[in-house]
1. Hey, can you rank 22-33, 122-133 by average C-beta count inside 10 Å, highest first?
2. Kirkwood Rh, Cα Rg: Rg to Rh for segment 117-157?
3. Rounded to the nearest 0.05, what FRET efficiency do Ala9 and Ile148 give with R0 = 35 Å and r taken as the Cβ-Cβ distance? Could you check?
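What follows is calculated from the coordinates using simple rules that are stated; it is not laboratory data. Keep in mind it's a predicted model, so treat the numbers as computed, not measured. As a convention, Cβ positions derive from the backbone with ideal geometry for all residues, glycine included, and neighbour counts pool all protein chains shown.
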Amino acid sequence: MAPTTTTLAAYDPTNTTQLSDTDMINIASHEFGHALGLNHATVSATDDGTFELMFLSYGQAVGNPRNSLEAPSTLDMYALLNLYDWLAKPSGFTGPGHPATVYSLPPGIAYASMYPYSEQIQSLQNSISQLKLEILIVAAVTGLLLAIALALGILLSRRKPAPTQPSFGEPITVPPAA
């Protein structure tokens with residue numbers, strides 16, 4: 001089997017809008033869903049109005065800093081539960097392979113987005129905010145240092161050159177008195 005490569009771009013498909021950190025996390029999460037065995041969902045939003053992580057296309061405006069993190073839906077989790085339940089059975093590895101299955105949620109399970117580990121999501125969001133702050137501080141300090149270097153360069157270029165001192169053993173000429 002040939003190796004498979006997934007590449008995440010920093011810009012949208014037209015190469016005009018830079019993806020935000022949240023966009024990249026959402027897209028990577030979607031692709032990771034495929035790696036776990038999920039296919040595309042048939043609807044773009046869950047019943048609670050949140051974006052369906054596994055929908056065919058990205059539902060948010062690319063590059064918008066206010067984009068929200070997308071979570072797997074209860075349908076995604078249900079499909080994974082069934083997929084990995086099948087893999088856990090020894091009989092799951094015999095024969096030609098398991099046919100693709102289309103899942104629907106059982107009655108009584110709300111179709112909604114869910115973060116199985118909300119504290120990790122919050123930690124990730126905090127890390128992103130902290131990193132943005134650190135980058136901003138580094139940029140400000142770099143800008144300040146460049147401004148100081150530029151000011152020193154200008155000041156030094158305006159200084160008159162100091163008279164040269166004769167080196168040791170060189171004759172000193174004194175101008176005649178008027």
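1. Highest-to-lowest ranking by the protection proxy: 22-33, 122-133.
2. Working: Rg = 17.8 Å, Rh = 12.4 Å.
Ratio value, two decimals: 1.43.
3. Calculated value: 0.40.
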